[in-house]
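Here is the structure we will look at.
The values are calculated or read from the model by the stated rules, or taken from the named source; none is laboratory data. Computed from a prediction, not measured in an experiment: that's the story for all the values here. All Cβ positions, glycine included, derive from the backbone under ideal geometry; neighbour counts span all protein chains shown. Keep in mind that these areas ignore ligands, DNA and RNA; they rest on the heavy atoms of the full protein, side chains included. Shrake-Rupley method; radii C 1.70, N 1.55, O 1.52, S 1.80 Å.
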Amino acid sequence: MLLDRAVHYRAMVRAGRVSEALRGVAVCLAFFEDSTRTRVSFVLAAQRLGAIPVMLFAQGSSMSKGETLLDTLRTVVSMKVDLVVVRHRAAGAAAYLARHLDAGVINAGDGTHEHPTQGLLDLLTLRDAWHGRFEGRRIAIVGDLAHSRVARSAMFGLRTLGASVTVAGPATLLPAGIEAFGCEVAPSVEQAMRGADAVMALRIQRERMEQSLIPSTHEYARVWGVNAERVELMKPDAVVMHPGPFNRDVEITSDVVDGPRSVIWRQVENGAAVRCAVLERCAQGRRALTAAEWPEPLSVEVPE
Amino acid sequence: MLLDRAVHYRAMVRAGRVSEALRGVAVCLAFFEDSTRTRVSFVLAAQRLGAIPVMLFAQGSSMSKGETLLDTLRTVVSMKVDLVVVRHRAAGAAAYLARHLDAGVINAGDGTHEHPTQGLLDLLTLRDAWHGRFEGRRIAIVGDLAHSRVARSAMFGLRTLGASVTVAGPATLLPAGIEAFGCEVAPSVEQAMRGADAVMALRIQRERMEQSLIPSTHEYARVWGVNAERVELMKPDAVVMHPGPFNRDVEITSDVVDGPRSVIWRQVENGAAVRCAVLERCAQGRRALTAAEWPEPLSVEVPE
Amino acid sequence: MLLDRAVHYRAMVRAGRVSEALRGVAVCLAFFEDSTRTRVSFVLAAQRLGAIPVMLFAQGSSMSKGETLLDTLRTVVSMKVDLVVVRHRAAGAAAYLARHLDAGVINAGDGTHEHPTQGLLDLLTLRDAWHGRFEGRRIAIVGDLAHSRVARSAMFGLRTLGASVTVAGPATLLPAGIEAFGCEVAPSVEQAMRGADAVMALRIQRERMEQSLIPSTHEYARVWGVNAERVELMKPDAVVMHPGPFNRDVEITSDVVDGPRSVIWRQVENGAAVRCAVLERCAQGRRALTAAEWPEPLSVEVPE
C-alpha cells in the first residue's frame, strides 16, 4: 500500500540516505502557482531517488509566448520526460494533462479542486496519531471549505477509510450541498471540535476579506480560529493539523501551532515521504505498462 | 560526425538511461530570454551525461546590479565552469563570449542571428525523413524570415549538405538580399510548397502586428499559413516542421500540427539528443585542448 | 583549519573532480536578495560534494502568501534538509535562524552586517599573496564602509590573524566609531594605499547617489577610485581586490581590474573552494552532534 511505502521512505529520508530507484527517470516539476512545501518536497524526493528533475514555471517559459499548457508539456514529454508533477490554478488541469500526455501525471494541486498528495500525507499523519485505525474516529475541518482543495482531498480519503468528518466555517465559505461529500456541518467551531479526535484548520486567504467573505482577521480568529481553549474540547489524545502555510493568530493561534498537540511539522515530514512513494509508484507504472494500458491517474476528474 | 553521435544519444535517451561521460563537468545555462524547449533540453542533457548544471538568469543575478554580461560570465567561469550555454537577445552575444571566456561557449540563440543547435536538430530530422540524402531535396521555409534565427541556421546547414531552399513570406518580413544566402524566393506559399520535400513554418510573433508588419493573425493565416490544402501540394512523403512554440491556426493549422505529415515532436526529441552530442563534443574539446588551440565556436560571428 | 581544507577543495575543483563527501545531505539555498557569485558557488559546491541542492527564493514561495521567514525554513527543514544557506536583507537573519532551526545555518550575507564566507575567501586570497604570513601586513579598504558586509567580515578576520587595516572613504559612507573595529582611518585614498600590501575597493551602489551620499560616479572615481596611479603607491608586490560585482571606472578602473596586480578572479575561484569547505564542515557538525550540542554558527549575532 502507498502509505506503507511512504513509511519505508520516511525512514530512508530520516537517515539521510539516497537510492537509485528512479535512476534515469526524468521528472518535470511544472509549478504554475506559488508553492514551497509541495515543490520543495517533490524536488527533494526526485533527487533522493536518483531521478533527473527539471523545473518549469509559467514565467521564463514558452507559455509567456502564448503556447498552450498542453503544447508546452507535450514538448517537455517529447524530450523523454517520464513524469510530470503539475500545480495549476485551473481545476481539472492535471486530469486533462493525464488524458493527453504520454507520461505519468501527478496532481500537485489544481485550483480549488484536489490536492491528492496532501490528502495522502494527512492520512499518514492521522494513521500514526490514531494507531492505524480510522473507524470510529472523527475529525473537525474548520474554515474556508469553499476554496480548499486540501479539505476535499482529505475528506475523500478519510471517508474511504471509515473516519467521519465534521465541518464548520462562515456560511460564505461553506459550499452549498457540502453534505453530499458525506460530512456533517456544525454551526460553530466549538460544536465541531467537541469530542473530536483531530482538528484541521484551513488557511484563510487575505483576498477573501477583499471579497467581503469574511469581516476581518481579528473577527475571524475570535469566531472561527483554533485556539488553546477550543483544543481542550477535543479528546485528550486529539491532534491539531494545518496544511500550511498558516497565518499565526488568524485561523490558528501561535501557541497551538507550537504546542504539544500540533502535528503540523510531522505533516510536512510525511509529505516528503509520501512524494517519494508517489514518484516511485508512477515510475513503476510507466515502466511496466504501455501507454494504452495506463491506469487511472492519481488526479480525480472534474465532473463536467 | 555530430549527427551520428546525436543518434547514439537518442537511443540512450529513449531507453531512459544515463551516462557518466561528463562527470565533474560544470555547465552554466545562461538564459537571458524566455525558453522552454532549448533550456529544458540542455538541462536534461547535462544531467543525463552526469554533468553539474547551474542556472543563470538576468533576474536574480548580479546583472541586475549593473554588471556586464562578460564580467558576470567571467565570474562564473572562474569557479571552474567548463561550458557556458547562452541565449541572449543580442546578435553575436555567444561569439563575443567565446572570444573572451576561457570556457566552451554554446550558442542557444542570439537575437535574430543564429540558433545552431536548432539547425542541427532540423538537419537530423530531415536526414531521417529523407533517408540520409540531402542532394536533390528541397525545403520551403515560410513566414517571418527577417526575425528568424531558426531559419538562418537551418538554411546554412541545408545548403552545406546539398539541399535547396525556397523561402516565402510577406514582403515586410523578407530581408532584402536574402537570395545571397543561396535560396530562392517564391511569390506565394503555394508556389514555395508545390513539389517540396518539406515545409518549415516559422513562428509569427504578436509584436509584429503592433509594428504593422502583418495585418492580422486571421489575414496572415489565410495568405501565408501552412494548412492541409497547401500540404497536399508537396511530394507525397514530404514532412511538416515547426521550431515551436507554434501559434495554432495562425502560421500553421491545428490539424497539420497533429497530422500524419508533422514531424514537430520528432524535432523536439532530436533536440534533446543533439544537445547531448553538442555538450559532449564541447567538453571533449575543453579536455583535449588548451585555450589557445580552442577551435571555432559553434556560434557564427556577426559581420561588423 | 578551514582555509587548508579550502586549498584541498581548490585542487579538486581545478581538476574538475567530484566527491561523495556529502552524499544524501540536502542543502537549501535560500536567497532572498540577488546574487550571482555566492549563489552559483554554493550550488556548484553542493553538487561537487554529492549533496542534494534545493533552491528557495522569496518569489514563487509561500512567503509570497505571508508566511514568516522562520516558518518557511522550519517547513523546509522538516523535510530533512540538513543545511540552510541564507542570504537576507535583514542584519542578523542567519543568526536568528541558527538559533531556531534544527539545521546547520550558513550566513551568505545578512544586510549590511556580515558575509563570513566572503571574509574567508578574502583571507585565503591574501594568505596566498602574502606567502602565509599576516603579521606586519597592512590592507587598505576603500569606499562605502557603512553599507559593506564584505568589509566587516574581512576586517574581523584580518585583525584576528594579525594584519592591520586602514580604511578610507567619503565621510558620509564611514560609520561613526569605525576605529572600534581596530582599524585606522586615512583622510584620503592615497594615504590609505601608500605603502599598503593590498587594497580592497568596495562596490558603490547607485542608490547611494540618489540618497545624496555621493555626488556623482565621475566625481567618486576621481576622488576615491582605485586607479593605476594610486596602485603604484602600494608596495611592489601588493595586490588589488574587489568583492564584485564591480562598476568599471567608478570605484576601480578597468585597467586595474584586468591588470597584473588584480587578484579579483582568484577571489572568485577561492570562493568556490571555501564554500566546499564550509559545507563539509557544517555537514560534519550535523552528523557528529545532537542539536543541543550544536556549536556556534558561522554567522555572528547582532548586538541588540
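Here are the numbers for this structure:
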read-out: Per-region count, region B:221-230, residues surrounded by 22 or more Cβ atoms within 10 Å (Cβ to Cβ) and among the β-branched types (V, I, T); value: 1
read-out: Among (1) at pLDDT below 95; (2) open to solvent by 30 Å² or more (accessible area, probe 1.4 Å); (3) in contact with a helix residue (DSSP H, G or I) (Cβ under 9 Å, 6 or more places away or on another chain); (4) among the charged types (D, E, K, R) - the single one B:R208 does not satisfy; value: (2)
read-out: Residue tally, condition farther than 19 Å from B:A26 by Cα and open to solvent by 10 Å² or more (accessible area, probe 1.4 Å), over region C:29-53; value: 3
read-out: Test: residue in region A:120-128 that is away from chain B (no Cβ under 13 Å), modelled with pLDDT under 95, within 16 Å of the chain's Cα centre (by Cα) and open to solvent by 10 Å² or more (accessible area, probe 1.4 Å); value: no
read-out: Options C:L97, C:L56, C:L83; residue that is modelled with pLDDT under 95, open to solvent by less than 20 Å² (accessible area, probe 1.4 Å), among the aliphatic types (A, V, I, L, M) and under 22 Å from the mean Cα position of the chain (by Cα); value: C:L56
read-out: Positions within region C:220-255 being outside any loop (DSSP other than H, G, I, E, B) and within 16 Å of C:D197 (Cβ to Cβ), in sequence order; value: C:V226, C:R230, C:V231, C:V239, C:V240, C:M241
read-out: Set C:V76, C:V105: member being open to solvent by less than 10 Å² (accessible area, probe 1.4 Å), touching a strand residue (DSSP E or B) at 6+ places or on another chain (Cβ under 9 Å) and more than 24 Å from C:S153 (Cα to Cα); value: C:V76
read-out: Options B:E301, B:E296: the member that is exposed (fewer than 13 other Cβ atoms within 10 Å of the Cβ) and either assigned to a loop (DSSP other than H, G, I, E, B) or modelled with pLDDT of 95 or more (or both); value: B:E296
read-out: Some residue of region B:219-238 being at pLDDT 95 or above and under 30 Å from B:A51 (Cβ atoms); value: no
read-out: Candidate set: region A:248-273, residues that are over 23 Å from A:R138 (Cβ atoms) and open to solvent by less than 10 Å² (accessible area, probe 1.4 Å); chosen: the one nearest to the chain's Cα centre (by Cα); value: A:G271
read-out: Positions within region C:1-28 being facing chain B (nearest Cβ under 7 Å), part of a loop (DSSP other than H, G, I, E, B) and open to solvent by less than 30 Å² (accessible area, probe 1.4 Å), in sequence order; value: C:G16
read-out: Some residue of region C:194-207 being assigned to a helix (DSSP H, G or I) and closer than 20 Å to C:T112 by Cα; value: yes
read-out: Qualifying helices (runs of 4 or more DSSP H) (wholly inside region A:29-118; at least 1 residues being within 11 Å of chain B (Cβ to nearest Cβ) and hydroxyl-bearing (S, T, Y)); value: A:69-78
read-out: C:R222 more than 14 Å from chain B (Cβ to nearest Cβ), over 14 Å from C:A140 (Cα atoms) and of a type outside the set (F, W, Y); value: yes
read-out: Tally of residues being under 19 Å from B:L70 (Cβ atoms), out of contact with any Ser or Thr (no Cβ under 7 Å at 6 or more places or on another chain) and open to solvent by 10 Å² or more (accessible area, probe 1.4 Å) across region C:236-245; value: 1
